[in-house]
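Following: one structure in structure tokens, then a few remarks.
Values in this text are rule-based calculations from the coordinates and carry no lab data. What you see is a predicted model, and the numbers here were worked out from it, not measured in a lab. Every residue, glycine as well, gets a Cβ built from its backbone with ideal geometry; the counts of neighbours run over all protein chains shown.
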Amino acid sequence: MPARIEEATGGGVEIAVETAGHQAVLAEAYAATARGGLTVTAGLPHPDGILEIQALSLVAEERTLKGSYLGSCIPSRDIPRFIEMYEAGVLPVDRLLSHRLTPDQINEGFDRLAAGEAVRQVVSFA
């Protein structure tokens, strides 16, 4: 485990989230978790990437390593829940939407994404 994280946390973090998509970073995140800790990877590594971790730590230290692809959504379960949360005012979807586009504005939308000027954009065909 990286010494600075171990020292700062008193033994490692409960949850580490890796989003870089590189197996070396995932190994560092895993190493930073404490006994019983959870490491979640949402990064998408190169198909040839191989993760090397101490296999014994999964059992002896009761750690968990979990992948999350696009939030691991199960539409039949999650979309009704998201709608309820939106209707209850606890899921501020409108605040996450930065732009509404028409089909002829799609290139502008891609330019905004490349420049880091957009969070989420919706293309409306109606």
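Please specify each residue of segment 81-97 satisfying the condition of being surrounded by 13 or more Cβ atoms within 10 Å (Cβ to Cβ) and free of Cβ contacts under 8 Å to residues at least 24 places away in the same chain.
Phe82, Met85, Tyr86, Leu91
If the requirement is being of a type outside the set (Ser, Thr, Tyr) and either within 19 Å of the chain's Cα centre (by Cα) or under 30 Å from Phe125 (Cβ atoms) (or both), which of these qualifies: Pro2, Pro75?
Going through Pro2, Pro75 in turn, the sole match is Pro75.
Would it be correct to say that Ala20 is of a type outside the set (Phe, Trp, Tyr) and free of Cβ contacts under 8 Å to residues at least 24 places away in the same chain?
It is true that Ala20 is of a type outside the set (Phe, Trp, Tyr) and free of Cβ contacts under 8 Å to residues at least 24 places away in the same chain.
Select from segment 98-126 the residues that are in a helix (DSSP H, G or I), surrounded by 10 or more Cβ atoms within 10 Å (Cβ to Cβ) and of a type outside the set (D, E, K, R) and list them in ascending order.
Gln105, Ile106, Gly109, Phe110, Leu113
Mind counting the residues in segment 54-80 that are surrounded by fewer than 10 Cβ atoms within 10 Å (Cβ to Cβ) and either within 30 Å of His22 (Cβ to Cβ) or of a type outside the set (D, E, K, R) (or both)?
Summing the residues that are surrounded by fewer than 10 Cβ atoms within 10 Å (Cβ to Cβ) and either within 30 Å of His22 (Cβ to Cβ) or of a type outside the set (D, E, K, R) (or both) in segment 54-80 gives 9.
Within segment 72-85, which residues are closer than 28 Å to Gly43 by Cβ and part of a helix (DSSP H, G or I)?
Ser72, Pro75, Ser76, Arg77, Asp78, Ile79, Arg81, Phe82, Met85
Looking at (1) out of contact with any strand residue (DSSP E or B) (no Cβ under 6 Å at 6 or more places or on another chain); (2) surrounded by 12 or more Cβ atoms within 10 Å (Cβ to Cβ); (3) in a loop (DSSP other than H, G, I, E, B), find the lone condition where Gly11 falls short.
Result: Gly11 passes all but (1).
May I ask you to verify whether Leu51 is surrounded by 10 or more Cβ atoms within 10 Å (Cβ to Cβ) and among the aliphatic types (A, V, I, L, M)?
Yes.
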